[in-house]
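Structure first, then comments.
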Amino acid sequence: MIKGIKGVKDILPEETPRWRLIEETARRWAVLYGFHEIRVPIFEVTALFARSIGASTDIVEKEMYTFQDRDGTSITLRPEGTAGTVRAYIEHNRAADPLPQKYFYTGPMFRHERPQAGRLRQFHQFGVESFGVADPRADVEVIALLWRMLSDLKLPSMTLEINNLGYAADREAYRPQLVAFLKQREETLCGNCRRRIDANPLRVLDCKVPQCRAATEAAPRLADCLSEQARAHFGSVLGELEAIGIPYSLNHRLVRGLDYYCLTTFEVTSTSLGAQNAVGAGGRYDALVETLGGPVTPAVGFAVGVERMAMMLPLAASSSESASVYVAGFGDRGSAAGFSALEELRLAGIRAVTDFRSGSLKSHLRQADRLRSQFALIIGDDEVVKGSAILRDMETKVQQEVFLTSLSSQVSSLLRIS
RNA sequence: GUGGGUGUAGCUCAGCUGGUUAGAGCGCCGGAUUGUGGAUCCGGAGGUCGCGGGUUCGAAACCCGUCAUCCACCCCA
């Protein structure tokens, strides 16, 4: 048997209503906040991701699905959505358009990781990117959208954590202080963190190993090295969040795994998720557009994991999609008439189904019951002779005769009454 | 990449310290007087016991390997 690829899941019909609820809710809120949908390719030239996400990040180092195109160019399945959106923004010279440049996207992302609860190799994100506005209220707008969206879905036990990463120059000033501090306690750190001291010291602060946490408790804080502008920016973000009633908690250890973030970074987690507890995350990335060859453009955005949101939504929340009419045609003439009636109802916009395998009225009604149809349209040979059919209300068992010549109009009016 | 758990019917699982034709519940199909569903009763279909070796008179069970899957580390959405 040919099976699906490891870490790549089918989303079966039982689950798709839940997915649609998530996607429709996200879309509705994004539009409400003035964002417009963009659809970018799921694969790009490898260099795009390497340059934007950061060469020394885990994603680029070991998690990308990279392969050679037929002409030898290196192609990568997108591991996240920001890089492609920024590429499109630059390529189509969207900066020349004076309208607010606010985009949202949704679709599959790919990372070669070991599958786990809430972690897949093909997973889905919904994300937004807001280009061109350095004002802290742009950060708040994006965070508010994220928070309102998740609240609307009534996801349980969510917390918003936020931190200030400052500008690149701030981090350059801070880095030697942190490295010096970490080198002193190198012995107490986990192997991973020892390697990080040189590669990406900020990440040590985000390590979950208890010894590392304890060792970095007294570490110098980035917050103390921040420039006046960085502090001011973050201060207004927090102020505006309070003004519009969005609860947050400061987390000075919060360091995102992608290199392009600066100033505001945030993450929404839930305790009801398991080990992979991040529902969504994002931040400001003022240098990325320029890094990728575009004009200097401040930007801020976030992405949420659709699977992780789905995990927290009850399966029962899915709306029923049962048909209104089950057509029970039986006998030689009856089943022929039933097949015509089925098509006629559908052309009239009535959701109608049948089961071609069923030959007896009994098995038809059993199917109608199982499919939770509102009505059964019974057509046997006797009815065909009379030029009529019987419309049975499956719940009240009330039956009514309808004429085959005016079938769809009669059925629609009866459907409207019930 | 590193650990640990689990692989028996479509689904959830049982199968005692190795013993004959591998089971249950749910689901599915059919029947219980002639053309009326759900409940009940009866019957039926459906399984290379993940795969490959080995031990044994005999393996679903024990051993080795392998694959898959789940959870955790790591990392992140």
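For the reader, a short list of remarks on this structure follows.
- A:Glu187 accessible area, assembled protein chains, probe 1.4 Å, Å²: 150 Å²
- Percentage relative contact order, the stretch A:359-418, counting C-alpha pairs under 8 Å, at least six apart: 22 percent
- Ellipticity at 222 nm from helices only: DSSP H runs of n ≥ 4 in chain A, each -39500 (n - 2.57), divided by the residue count, give -11000 deg cm²/dmol.
- The stretch A:3-33: GluC sites (Glu not before Pro) falling in loop per DSSP and having at most 11 other Cβ within 10 Å: A:Glu14
- Given charges at beta-carbon only (K, R positive; D, E negative), |dipole| of the stretch A:325-417 in Debye: 320 debye
- Exposure of A:His112 as accessible area (Å², to 10), given a probe of 1.4 Å and all protein chains: 80 Å²
- Gap separating the Cα centres of the stretch A:341-418 and the stretch A:190-244, nearest whole Å: 66 Å
- In loop segments of the stretch A:177-248 as defined by DSSP, the trypsin sites (Lys or Arg not before Pro) with at most 15 further C-beta atoms inside 10 Å of their C-beta are A:Lys208, A:Arg221.
- Within the stretch A:325-417, percent of DSSP bridges classed antiparallel, to nearest 5: 55 percent
- Relative contact order of chain A, pairs being alpha-carbon contacts under 8 Å that are 6 or more residues apart, as %: 16 percent
- The overall shape of chain A, judged from the alpha-carbon gyration tensor, is prolate: a/c is not under 1.5, and a/b is greater than b/c.
- Computed on the stretch A:200-352, with alpha-carbon pairs under 8 angstrom and 6+ residues apart, the relative contact order is 13 percent.
- Loop-located GluC sites (Glu not before Pro) in the stretch A:325-416, at most 16 other Cβ atoms within 10 Å (DSSP): A:Glu395
- Placing +1 on each Lys and Arg Cβ and -1 on each Asp and Glu Cβ, with no other charges, gives chain A a dipole about its Cα centre of roughly 920 debye.
- Candidate cross-link partners of A:Lys397 among the aspartates and glutamates, defined by an alpha-carbon separation under 18 Å and a same-chain spacing of 8 or more, comprise A:Asp369.
- Residues A:Glu242 and A:Leu12, FRET efficiency given R0 of 45 Å [Cβ-Cβ distance, rounded to 0.05]: 0.55
- The DSSP beta bridges internal to chain A are antiparallel in roughly 85% of cases.
- Gap separating the Cα centres of the stretch A:110-145 and the stretch A:38-101, nearest whole Å: 15 Å
- In terms of its C-alpha gyration tensor, the stretch A:1-151 has an oblate overall shape, because the principal axis ratio a/c (a ≥ b ≥ c, square roots of the eigenvalues) is not below 1.5 and a/b does not outweigh b/c.
- Extension gain from A:His252 to A:Asn277, taking 0.36 nm per residue of separation minus the Cα-Cα distance: 7.2 nm
- Cα gyration tensor shape of the stretch A:45-132, rounded if a/c is under 1.5, else prolate or oblate by comparing a/b with b/c: oblate
- Per-residue SASA entry for A:Leu391, accessible area with 1.4 Å probe, Å² rounded to 10: 10 Å²
- Accessible surface of chain A, 1.4 Å probe, proportion on carbon and sulfur as whole %: 53 percent
- 22 Å tail of the calculated P(r), the stretch A:285-396, as % of Cα pairs: 52 percent
- Per residue accessible area of chain A, 1.4 Å probe, in Å²: 50 Å²
- Partners for A:Lys208 among lysines (Cα-Cα distance below 24 Å; same-chain residues under 8 apart left out): A:Lys62, A:Lys183
The values are calculated or read from the model by the stated rules, or taken from the named source; none is laboratory data. This is a predicted model, so every value here is computed, not measured. Methodologically, a virtual Cβ is constructed for each residue, glycine included, from the backbone with ideal geometry; neighbour enumeration extends over all protein chains shown. Just the protein is used for accessible areas: all its heavy atoms, side chains included, with ligands, DNA and RNA removed. Shrake-Rupley method; radii C 1.70, N 1.55, O 1.52, S 1.80 Å.
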